[in-house]
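So the structure is just underneath, and the comments pick up after that.
The values are calculated or read from the model by the stated rules, or taken from the named source; none is laboratory data. It should be emphasised that the depicted structure is a prediction, and the values quoted were computed from it without experimental measurement. Cβ atoms come from the backbone with ideal geometry, glycine included; neighbour counts cover every protein chain shown. Protein only, heavy atoms only, side chains kept; ligands, DNA and RNA dropped before computing areas. Shrake-Rupley method; radii C 1.70, N 1.55, O 1.52, S 1.80 Å.
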Amino acid sequence: MIQLVDKFERVHDYLRISLTDKCNLRCLYCNPDGDLEKLLHSQILSYDELTRLIRIFVSRLGTKKIRLTGGEPLARKDIVKFFETLSQFKKENPFQLCVTTNGTLLEDKIEQLKHHGLDKINISLDSLQRERFEKITGQDSLETVLRSVDLAESLGFTPVKINVVVMRGINDDEVLDFIEFAKDRMINIRFIEFMPFSENKWSENSFISYQELKNIISERYELKELHHEIQRVAKDFKIQNHKATVSFISSISNHFCGSCNRLRITSSGKLKLCLFTPINEELDLRKLLRSPGVSDDEIVRFINNSLDRKNFQHPDVGELLKLEKNNMLAIGG
Ligand code: SF4
């Protein structure tokens with residue numbers, strides 16, 4: 001077993017895989033015009049290729065946690081069958097299996113996914129107001145998503161993690177509503193700073209920092225910081241005298257790159273050492289997977305050797321705004 005360690009001695013044991021660049025929503029912070037170019041089915045990794053990669057990362061490269069993202073991962077055909085395929089391997093080679101979903105396609109699958117080994121669910125929910133939800137996502141399905149949150153909680157996916165991308169002038173006036181919604185439930189509200197991706201019309205005016213959000217909440221609630229052995233992505237807080245927790249993901253105003261443990265695979269099979277790796281520096285795993293005679297050993301060496309190229313942190317906003325074709329839809333955040 002090789003541990004994936006970069007030159008800053010960060011151990012990379014968390015892999016995020018985008019299963020598809022397709023999504024049934026078109027969120028303002030991801031694909032506002034709904035016109036991002038889509039990949040052909042032949043261009044995205046097949047379930048066999050995904051299974052092979054997961055086997056390699058878990059059994060040869062020390063991966064402990066895998067998050068399936070999209071686009072919308074549950075929009076991919078035969079997703080339940082894919083989980084079933086993974087479930088036997090997961091029993092023999094334990095790892096944590098997580099999904100980030102928009103919650104609109106979850107209700108009829110969640111029990112089967114749980115049965116086949118799903119451990120954790122993050123549900124994206126950026127407004128509790130029906131019309132505004134439709135304005136942000138392009139679809140009138142707030143009720144469906146709220147039912148999915150209820151179902152996830154009742155099935156024991158606790159805390160249910162709710163991802164909220166906060167945009168100034170769009171939904172920042174709902175911060176306290178989200179706390180009110182969650183405070184007496186087994187829910188972790190995760191306020192995510194709006195990040196610049198290609199085509200998502202990011203601007204300083206629409207950006208609001210985690211500190212500002214925390215100040216808004218602290219005016220009404222007492223927050224107690226939760227400390228972890230290793231500070232990962234989120235700054236976590238207990239809402240005193242209540243069940244729920246609140247977290248802040250401050251990639252822009254206060255990055256957490258120093259303890260980065262994440263690698264990503266795009267839906268087209270490119271390895272991204274960082275969320276903001278420029279497209280011309282992505283590494284082509286699909287080509288290797290589709291080259292006759294390339295062994296798992298060669299893929300292991302390729303991935304392990306690539307870690308040397310990882311930078312310590314993401315570039316500043318000015319540079320991020322210059323990145324081309326670096327869109328959420330293909331990366332999955
Ligand atoms: S921006 Fe890149 S280096 Fe920083 S935490 Fe995210 S993936 Fe890691």
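Only one of (1) open to solvent by 40 Å² or more (accessible area, probe 1.4 Å); (2) of a type in the set (V, I, T); (3) under 17 Å from the mean Cα position of the chain (by Cα) is not met by T158, so which one is it?
(3)
Search segment 291-309 for residues being in contact (Cβ under 8 Å) with a residue 12 or more places away in the chain and away from the ligand (no atom under 13 Å from the Cβ), and hand back the single one that is surrounded by the fewest Cβ atoms within 10 Å (Cβ to Cβ).
Among those residues, the one meeting the criterion is D308.
Tell me which strands (runs of 3 or more DSSP E) are completely within segment 243-284 and hold 3 or more residues being within 19 Å of F207 (Cα to Cα) and more than 8 Å from the ligand (Cβ to nearest atom), or say none if there are none.
The strands (runs of 3 or more DSSP E) meeting that bar are 245-249.
With the structure loaded, tell me whether L50 is outside any loop (DSSP other than H, G, I, E, B) and in contact with a strand residue (DSSP E or B) (Cβ under 8 Å, 6 or more places away or on another chain) or whether it fails that test.
Yes.
Mind checking whether some residue in segment 83-91 is open to solvent by less than 10 Å² (accessible area, probe 1.4 Å) and within 30 Å of I170 (Cα to Cα)?
no
Taking the condition of being surrounded by fewer than 21 Cβ atoms within 10 Å (Cβ to Cβ), closer than 26 Å to M167 by Cβ and of a type in the set (S, T, N, Q), how many residues in segment 248-282 meet it?
Summing the residues that are surrounded by fewer than 21 Cβ atoms within 10 Å (Cβ to Cβ), closer than 26 Å to M167 by Cβ and of a type in the set (S, T, N, Q) in segment 248-282 gives 4.
Considering only segment 84-104, I want to know if a residue exists there that is within 19 Å of G332 (Cβ to Cβ) and in contact with a His (Cβ under 8 Å, 6 or more places away or on another chain).
Scanning segment 84-104 turns up at least one residue that is within 19 Å of G332 (Cβ to Cβ) and in contact with a His (Cβ under 8 Å, 6 or more places away or on another chain).
Which of the residues spanning segment 311-327 are open to solvent by 40 Å² or more (accessible area, probe 1.4 Å) and either touching a residue at least 60 places away in the same chain (Cβ under 8 Å) or in contact with a His (Cβ under 8 Å, 6 or more places away or on another chain) (or both)?
Within segment 311-327, F312, Q313, L321, E324, K325 qualify.
Report whether or not N241 is surrounded by fewer than 13 Cβ atoms within 10 Å (Cβ to Cβ), under 20 Å from E174 (Cβ atoms) and of a type in the set (S, T, N, Q).
Criteria not met by N241.
Can you tell me which condition F197 does not meet? The list is (1) more than 16 Å from the ligand (Cβ to nearest atom); (2) farther than 17 Å from L125 by Cβ; (3) crowded, with 21+ Cβ neighbours inside 10 Å, and all the others hold.
(1)
Inspect segment 163-186 for any residue being of a type in the set (S, T, N, Q) and open to solvent by 10 Å² or more (accessible area, probe 1.4 Å) and give the result as yes or no.
Within segment 163-186, one or more residues are of a type in the set (S, T, N, Q) and open to solvent by 10 Å² or more (accessible area, probe 1.4 Å).
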